[in-house]
Amino acid sequence: MTYVNAGDIARLADVGRAAVSNWRRRHEDFPQPVGGTTASPLFSLAEVEEWLRRNGKPYELSPGDLAWQRLRASGDDLRLGELVAAAGDFLEGRPSGLRPGVTDLLAELADERGTRDAFEFLCERYVEAHSRQLAVTPAELAELMIRLSGGGTLLDPACGIGTLLLGAKAARGQELSGSSARIAQIRLRMRGVDGRVVAGDSLRQDGFPGERVDAVVCDPPFNERAWGHDELAGDPRWEYGLPPRGEPELAWVQHCLARVRPGGTVVILMPPAAASRRPGRRIRANLLRGGALRAVIAIGGGDLWVLRRPESGERPPAQVLMFNGELSGVWPAWLEFQRDPQGVRIIDLLDDEVDVSPLRFDRRGTPAEFIAEQEGFRASASSLTGPDLAVLDEPRDLNMTTVGELAKAGLLAVHHSAMKPGEVADQGEVPVLSGDDVLLGGVPSGRTGSAAGQIVIEAGDVVTTPTGTVRVIAESGAVLGPQLTLYRLDPARLDSDFLAGFLRAGGGHSRGTSRLDARRTRVPRLSLPEQRPYGAAFRRLAELDDALRATTRRGERLIRLGLDGLASGHLL
């Protein structure tokens, strides 16, 4: 029997999860769960398909979904990671032990998408199916962490399925789960990354003893009390103090520092409480005094700690960066701090608490700034207008196709950037368009040297990020940055804003994930003159989206300045 969960059913019927929940409540004949848990029930695919047919609800099981369901049904859900790894083995031409019916579907999926994208599709479905057990670092945060690390040979001692290592030139990884370690190794290999991933507990059984790398990036497990406090009490990695039993994150920090060369960088995601909990204040103080802790960056739901292993005889710095703001502002703030290290004085942090929470130092602004921000917010809010759209009594019956079919017909070409995050810097003669630039509608912010294989952007190209942000590019000349996809259209047959609008409308989103599967995006078959009014309306909505984001940012600053002004007595 093939099983599906609520997310699978939503994709099958091209609806949201809420619609599936409503069907279960409102229709007594909706199939009953045949497995899973109360929170995540599983249903029989055959019964669901029969119910959809009986109730006149259109559905489509894509080749990818069909391959995934057959793979999942070929074993127990507890072995799902092993099955995904076995699928990777098959896709790479190695013995897998999978049944012929499953391998036939995997081969079809690889023919449709390519080997790497086929495996990434299976990994996304695996993460969705085990979202409570698998924590995956969001793509934009992963890219930022790699940029902050400085690149080179990277190590992730809690690598999961390898997300933080995918942009590296050379990589080392360790993961407690053997199946996740296998998946990570396959993902690196499919990208041509010189990498080695081992299974095991990094704190108890370090897979790379004595090896030093250029940088460590890590998103470790939080609040894991059974991390080995007693058996590791005399470990030489605890240069800055024995981590308290309830502070496993400080054990991870010191393990990461012990694995980088002198002058190497560590970027690690920490729970906000680790910046202020009393049991850890001695280690935090030693990290500050020794010059190891260079920045604490609040990103919402966690803090990024940026650390540097001091070189012998090096004079400790006097300042540390404390940043609280939008993700897009982190990299510019870090570059500015590198050029002119004006942050919070370390001596001011060395009190009884040694509290390194960035929110403590987010007290900025004057009454004049409050007035200016208030005027700017009012002007920005008053300019928010959208397009005039007519409401139809009945929806138009449009003849639809897909982006994949448009590409096959030669109306557009799809290009994926091969550039790694570590290849983008703040110097070089070639401008680079990044994911943040696409999100914010800004000019290319990165620089790099000229190299073979770079994709040069032309005006009118449509660019998308892995998380579904879509933008029509107005100027030529920059190269396509890491993890971006470019759609180059035939301007005699396709309107850029028309295509971008339908991509933005969500038809290509893989339900239940944050990634964009553009091949499935449905687009009407219209002539170019018929496309242009759609394109104009979509462009107005995109402009409204940008203006709304800008107004929201102004509103957030206005609120912060107002709170600070009232609390300090500067505002009445």
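From the list Glu336, Glu311, Glu375, Glu353, the one residue that fits, being over 25 Å from the mean Cα position of the chain (by Cα), within 30 Å of Gly555 (Cα to Cα) and acidic (Asp, Glu), is Glu375. Of the residues screened, Val253 is not one that is crowded, with 23+ Cβ neighbours inside 10 Å, in contact (Cβ under 8 Å) with a residue 24 or more places away in the chain, in the same structural domain as Ile161 (by TED's automatic domain parsing) and in contact with a helix residue (DSSP H, G or I) (Cβ under 6 Å, 6 or more places away or on another chain). Annotation note: of Arg196, Arg212, Arg237, the sole residue that is surrounded by fewer than 22 Cβ atoms within 10 Å (Cβ to Cβ), of a type outside the set (Phe, Trp, Tyr) and in contact with a His (Cβ under 6 Å, 6 or more places away or on another chain) is Arg237. Checking each residue in segment 277-307 for being in a loop (DSSP other than H, G, I, E, B) and over 31 Å from the mean Cα position of the chain (by Cα) picks out only Gly290. Residue under question is Thr448, and the condition is that it be on the phi < 0 side of the Ramachandran plot, outside the structural domain of Arg147 (by TED's automatic domain parsing) and touching an Asp or Glu at 6+ places or on another chain (Cβ under 6 Å); does it hold? Yes, satisfied. Number of residues in segment 327-345 that are surrounded by 13 or more Cβ atoms within 10 Å (Cβ to Cβ) and part of a loop (DSSP other than H, G, I, E, B) equals 2. Would a scan of segment 434-445 turn up a residue that is surrounded by 15 or more Cβ atoms within 10 Å (Cβ to Cβ) and without any contact (Cβ under 8 Å) to a residue 40 or more places away in the chain? Yes, because at least one residue in segment 434-445 is surrounded by 15 or more Cβ atoms within 10 Å (Cβ to Cβ) and without any contact (Cβ under 8 Å) to a residue 40 or more places away in the chain. Can you name the residue in segment 194-231 that is out of contact with any Gly (no Cβ under 6 Å at 6 or more places or on another chain) and in a strand (DSSP E or B) and is also farthest from Leu257 (Cα to Cα) among such residues? Only one residue fits best here, namely Asp194. Cβ-Cβ contacts under 6 Å between residues 6 or more apart (or on different chains), taken from a first residue in segment 324-340 that is more than 13 Å from Arg147 (Cα to Cα) and assigned by TED's automatic domain parsing to the domain that holds Ala295 to a second residue that is at pLDDT 85 or above and assigned to a helix (DSSP H, G or I), are listed as Asn324/Pro358. Report whether or not Arg281 is touching an Asp or Glu at 6+ places or on another chain (Cβ under 9 Å), surrounded by fewer than 23 Cβ atoms within 10 Å (Cβ to Cβ) and not aromatic (Phe, Trp, Tyr). Criteria met by Arg281. Could you tell me whether segment 493-509 includes any residue that is in a loop (DSSP other than H, G, I, E, B), of a type outside the set (Ser, Thr, Tyr), at pLDDT below 95 and out of contact with any strand residue (DSSP E or B) (no Cβ under 6 Å at 6 or more places or on another chain)? Among the residues of segment 493-509, at least one is in a loop (DSSP other than H, G, I, E, B), of a type outside the set (Ser, Thr, Tyr), at pLDDT below 95 and out of contact with any strand residue (DSSP E or B) (no Cβ under 6 Å at 6 or more places or on another chain), which makes the answer yes.
The condition of being closer than 29 Å to Arg519 by Cβ and outside the structural domain of His416 (by TED's automatic domain parsing) holds for only one of Ser96, Ser177, Ser149, that being Ser96.
Looking at the structure I just gave you, is Val320 surrounded by 13 or more Cβ atoms within 10 Å (Cβ to Cβ) and either of a type outside the set (A, V, I, L, M) or touching a residue at least 40 places away in the same chain (Cβ under 8 Å) (or both)? Here the answer is no, as Val320 does not meet what is asked. Note on segment 315-350: residues that are in contact with a helix residue (DSSP H, G or I) (Cβ under 9 Å, 6 or more places away or on another chain) and of a type in the set (Asp, Glu) total 1. Can Glu314 be described as over 20 Å from Ile268 (Cα atoms), in a loop (DSSP other than H, G, I, E, B) and at pLDDT below 90? Considered against the rule, which asks whether it is over 20 Å from Ile268 (Cα atoms), in a loop (DSSP other than H, G, I, E, B) and at pLDDT below 90, Glu314 comes out as yes.
Taken over segment 210-234, the residue count meeting the criterion of being closer than 30 Å to Lys169 by Cβ and modelled with pLDDT under 90 is 2. Taking helices (runs of 4 or more DSSP H) as the structural unit, those lying wholly within segment 1-119 and holding at least 1 residues that are surrounded by fewer than 18 Cβ atoms within 10 Å (Cβ to Cβ), modelled with pLDDT of 90 or more and more than 28 Å from the chain's Cα centre (by Cα) correspond to 17-26, 45-54, 100-113.
Looking only at segment 265-276, residues that are in a strand (DSSP E or B) and touching a Gly at 6+ places or on another chain (Cβ under 8 Å) come to 3 in all. Count of segment 155-187 residues, restricted to those that are part of a strand (DSSP E or B) and in contact with a helix residue (DSSP H, G or I) (Cβ under 6 Å, 6 or more places away or on another chain), is 4.
The values are calculated or read from the model by the stated rules, or taken from the named source; none is laboratory data. What you see is a predicted model, and the numbers here were worked out from it, not measured in a lab. Methodologically, a virtual Cβ is constructed for each residue, glycine included, from the backbone with ideal geometry; neighbour enumeration extends over all protein chains shown.
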